[in-house]
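Inspection log for the structure reproduced underneath, given as structure tokens.
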Amino acid sequence: MKNTNSLPGKILYALLFLIVVPMLLWFWAKFSEHLIQYPAIDSPEAGWTLTIIGGVLILWGMFALRKFGNGLPMNAFPPEKFVTQGPFRLFRHPIYWGFGMLLFGVFILSQSAAGLWLVTPVTILSMMALVSVSYTHLTLPTIYSV
């Protein structure tokens, strides 16, 4: 049985998904820029709009999980209660929606064609796969169980 009160586990999980994964996505975009032939988008207004809306949606979703679910926004350490308030009224997975929007915004702002046309779509597909697998009730390794 999984211990949901593991503070070191929660800290490591948070560090992984708040720092390590975004850094890896940024480096992936940076070092694959030469592979992408599509143009970057030069629209600071669109970039800032997507970045801000995405960031707000992420924070609002995290706040709602903490307040209404008595838990953290972590698949490995799910909240105690199913949340349908706040952004969860609008979206089933507002944190994933927000992260996808944030990625589009950041890569538009940084004018990264690889980030926009490679990293963001693959990341969104990966988030969709994670959500899809969570609904199939497959047995996953403990760290990925949802």
- Inspect all residues belonging to the stretch 81-100 and state whether any of them is part of a helix (DSSP H, G or I), open to solvent by 80 Å² or more (accessible area, probe 1.4 Å) and either touching a residue at least 12 places away in the same chain (Cβ under 8 Å) or in contact with a Pro (Cβ under 8 Å, 6 or more places away or on another chain) (or both). yes
- Task: Could you grab me the full set of residues in the stretch 111-146 that are part of a loop (DSSP other than H, G, I, E, B) and at pLDDT below 60?
- Result: His137, Leu138, Thr139, Leu140, Pro141, Ser145, Val146
- Restrict the check to the stretch 39-58 and report whether at least one residue is more than 22 Å from Ala114 (Cβ to Cβ), modelled with pLDDT of 95 or more and open to solvent by less than 60 Å² (accessible area, probe 1.4 Å). yes
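The values are calculated or read from the model by the stated rules, or taken from the named source; none is laboratory data. Quick caveat, the model's predicted, so the values are computed rather than measured. Quick reminder, even Gly has a Cβ in these numbers, built from the backbone with ideal geometry, and neighbours come from all protein chains shown. Side chains included, ligands, DNA and RNA excluded: accessible areas come from the protein's heavy atoms. Shrake-Rupley method; radii C 1.70, N 1.55, O 1.52, S 1.80 Å.
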